[in-house]
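The values are calculated or read from the model by the stated rules, or taken from the named source; none is laboratory data. Only a predicted model underlies this, so the values are computations on that prediction, with no experimental measurement involved. Note: ideal-geometry Cβ built from the backbone for every residue, glycine included; neighbour counts use all protein chains shown. Side chains are part of the model used for accessible areas, which takes the heavy atoms of the whole protein and leaves out ligands, DNA and RNA. Shrake-Rupley method; radii C 1.70, N 1.55, O 1.52, S 1.80 Å.
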Amino acid sequence: MILCIDQVISPELLGRVQATLADSVFRDGRETAGWHARTVKQNEQADGRQPEVVALREELASALQRHPLFLMAARPRRMKPLMFSRYQEGMSYGNHVDDAVMATPQGAMRTDLSFTLFLNDPDSYEGGELLIDSTAGEQTYKLPAGALILYPSSTLHRVEPVTGGERLAAVGWAQSQVRDPQQREILFDLDTTRRQEFEANGKTRTFDMLSKSLANLLRMWAEV
Ligand code: NI
């Protein structure tokens, strides 16, 4: 399942992220790439040792961890600290698969889900689409500032060359409590349906039974 979520952060936070990154130091993105991705990765990343960058990524991570749709779709158990990436004219990130296991300050985690939070206006740069190679073929995404795409880390994907302007994004990874993407999708569908039932009809018997099934499937599948 690939999910796009609009306005995952407030316009106020988005404005502060843009203002802070405009004054931050960026380094060559190859420093954080695996050995094979390094050959195709051409971008820049905000130096994670800057206190204002550390504070921002923590603020963004906690905004995501409060976002109901993100939580329903990802069911995160662990998250990797976000990285801010910048692509200037001529930069791109060729086809790659994200590392399956990544180091975090809390120890190693498995990457089940990758996400990109777009941070600047798509009309302000040319190219720079995120292209995901799925069983349905190749799909491209270039979302509004403040929107996030969540996709399986198991996919081959790339960032198309930026041919004008500058692309700014935050990228991150989550290990889910539910490892299997099909199980995660069933839980997402059930949760969506029970919320729709609640909004339309209140706490009905149907809502209660959907909630029970959701809870019991989660009990079968969750790793915590
Ligand atoms: Ni990637």
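Take residue 31 and decide whether it is within 16 Å of the ligand (Cβ to nearest atom) and over 30 Å from residue 180 (Cβ atoms).
yes
Write out, first by first residue and then by second, each pair whose Cβ atoms fall under 9 Å of each other, whose residues are 6+ apart or on separate chains, and whose first residue, in the stretch 79-106, is without any contact (Cβ under 8 Å) to a residue 12 or more places away in the chain while the second is open to solvent by 40 Å² or more (accessible area, probe 1.4 Å).
Final answer for the pair search is 101/108; 101/110; 103/80.
Looking at this structure, is residue 70 within 17 Å of the chain's Cα centre (by Cα) and in a strand (DSSP E or B)?
no
In this structure, is residue 55 of a type in the set (A, V, I, L, M) and either open to solvent by less than 40 Å² (accessible area, probe 1.4 Å) or farther than 21 Å from residue 18 by Cα (or both)?
When the stated conditions are applied, residue 55 does not pass them.
What pairs come out if I take residues in the stretch 112-126 that are more than 16 Å from the ligand (Cβ to nearest atom) and pair them with residues that are small (Gly, Ala, Ser) and open to solvent by less than 20 Å² (accessible area, probe 1.4 Å) whose C-beta lies under 6 Å away, six or more apart or interchain?
Here the result reads 119/169; 126/164, each pair linking the stretch 112-126 to a residue that is small (Gly, Ala, Ser) and open to solvent by less than 20 Å² (accessible area, probe 1.4 Å).
One line per residue, one yes/no per condition, for (1) touching a Phe, Trp or Tyr at 6+ places or on another chain (Cβ under 7 Å); (2) assigned to a helix (DSSP H, G or I); (3) open to solvent by 30 Å² or more (accessible area, probe 1.4 Å):
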{"position": "7", "(1), (2), (3)": "no, no, yes"}
{"position": "17", "(1), (2), (3)": "no, yes, no"}
{"position": "20", "(1), (2), (3)": "no, yes, yes"}
{"position": "24", "(1), (2), (3)": "no, no, no"}
{"position": "27", "(1), (2), (3)": "no, no, yes"}
{"position": "38", "(1), (2), (3)": "no, yes, yes"}
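Can we say residue 72 is out of contact with any strand residue (DSSP E or B) (no Cβ under 8 Å at 6 or more places or on another chain) and either over 18 Å from residue 30 (Cβ atoms) or in contact (Cβ under 8 Å) with a residue 24 or more places away in the chain (or both)?
So residue 72 fits the description; yes.
How about the stretch 91-107: which of its residues are under 20 Å from residue 28 (Cβ atoms) and either within 9 Å of the ligand (Cβ to nearest atom) or outside any strand (DSSP E or B) (or both)?
91, 93, 96, 98, 99
Which number in (1) closer than 18 Å to residue 95 by Cβ; (2) modelled with pLDDT of 95 or more marks the one condition that residue 135 misses?
Evaluating residue 135 over (1) closer than 18 Å to residue 95 by Cβ; (2) modelled with pLDDT of 95 or more leaves (2) as the failure.
Name the pairs whose Cβ atoms lie under 7 Å apart, with the first residue in the stretch 156-171 and at pLDDT below 95, the second more than 16 Å from the ligand (Cβ to nearest atom), and 6 or more positions between them or separate chains?
none
In the stretch 160-179, which residue that is of a type in the set (A, V, I, L, M) and in contact with a Ser or Thr (Cβ under 6 Å, 6 or more places away or on another chain) is most open to solvent (accessible area, probe 1.4 Å)?
The residue in question is 171.
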